[in-house]
Amino acid sequence: APFETKATSGLLNNSYRWGSPRATCPNQFSWSEAFHVPLTKVSDEACYGDFKSLREVMTCFAAAMSELSRLLAGILTENLGHWKQASISNICDETTCFLRLNHYPACPISPEIFGLVPHTDSDFLTILCQDQVGGLQLMKDSKWVTVKPNKDALIVNIGDLFQAWSNDVYKSVEHKVVSNATTDRYSMAYFLCPSYDSLIESFVKPSIYRRFTFREYREQVQEDVRKTGYKVGLPRFLLKGSEDLTTTTTESNTRLYIPSITAKS
């Protein structure tokens, strides 16, 4: 169906979005479309229209990913020695967690066009289920590394909030999706987020980042996007004098931020 038809279908909480409205050159464009579904809307029958069977699949997937994400967050938290000080309720709030259904159409135009532009996730962690087409790449040691599809495995990405909360013990992974000239690609992602008023601060001293709330972080990201078209992210929250304590650089974290494929209120 045409993009315009999908955008007005009302399906999945009217959350369809596509493309990159702010793109001014090919390497700023994301050749993709997605449904962005808040966890609180997953079981809502009104979201599915004639696609009744999709509701059962989405509900089961959301429940499984929610349980898994909490388990992983607990393990990662305990590994830092923060289990007694922290609560999973501070890391996860179902009113802000969400699912994203991604479709990357075949792109015969140019290999310079991304399926999804380089970015980091503004959450605690992301669990991704991808098909066998491939295209996901992660930044490792200043090089892009391809993540080979594995039908028996899920991909877990650390997000910005966990990096700040762990004082850089865990690193928010920069990633992108390269386009495929002949084959469509599909994936489903679960984003673990705290409440908007949750305070993000490190239990390790000296802290690299100042304290901030999830709401404050989102608003700062959105303000940067409005003014510059780019997400700056964590470097905005570095404490004075902590620049030498972190390997995070403006070059590695300042990436194009595309509102059409990024969580919003």
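The values are calculated or read from the model by the stated rules, or taken from the named source; none is laboratory data. In this text, all values refer to a predicted model and were calculated from it rather than measured experimentally. Positions of Cβ are backbone-derived with ideal geometry, glycine not excepted, and every protein chain shown enters the neighbour counts.
Worth pointing out:
- Taken over the range 44-58, residues that are closer than 15 Å to Y190 by Cα and surrounded by 13 or more Cβ atoms within 10 Å (Cβ to Cβ) amount to 1.
- Test: residue in the range 86-95 that is in contact with a Lys or Arg (Cβ under 7 Å, 6 or more places away or on another chain), modelled with pLDDT under 95, within 29 Å of V221 (Cβ to Cβ) and assigned to a helix (DSSP H, G or I): yes
This table checks each residue for (1) surrounded by 20 or more Cβ atoms within 10 Å (Cβ to Cβ); (2) under 21 Å from P235 (Cβ atoms); (3) in contact with a helix residue (DSSP H, G or I) (Cβ under 8 Å, 6 or more places away or on another chain); (4) not basic (K, R).
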| site | (1), (2), (3), (4) |
| --- | --- |
| E78 | no, no, no, yes |
| G81 | no, no, no, yes |
| T95 | no, no, yes, yes |
| Y104 | yes, no, no, yes |
| L116 | yes, no, yes, yes |
| K140 | no, yes, no, no |
| K148 | no, no, no, no |
| S179 | yes, no, no, yes |
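- Breaking point among (1) surrounded by 22 or more Cβ atoms within 10 Å (Cβ to Cβ); (2) touching a Cys at 6+ places or on another chain (Cβ under 6 Å), for L154: (1)
- Conditions (1) more than 14 Å from the chain's Cα centre (by Cα); (2) polar (S, T, N, Q); (3) modelled with pLDDT of 95 or more; number of the one not met by N180: (3)
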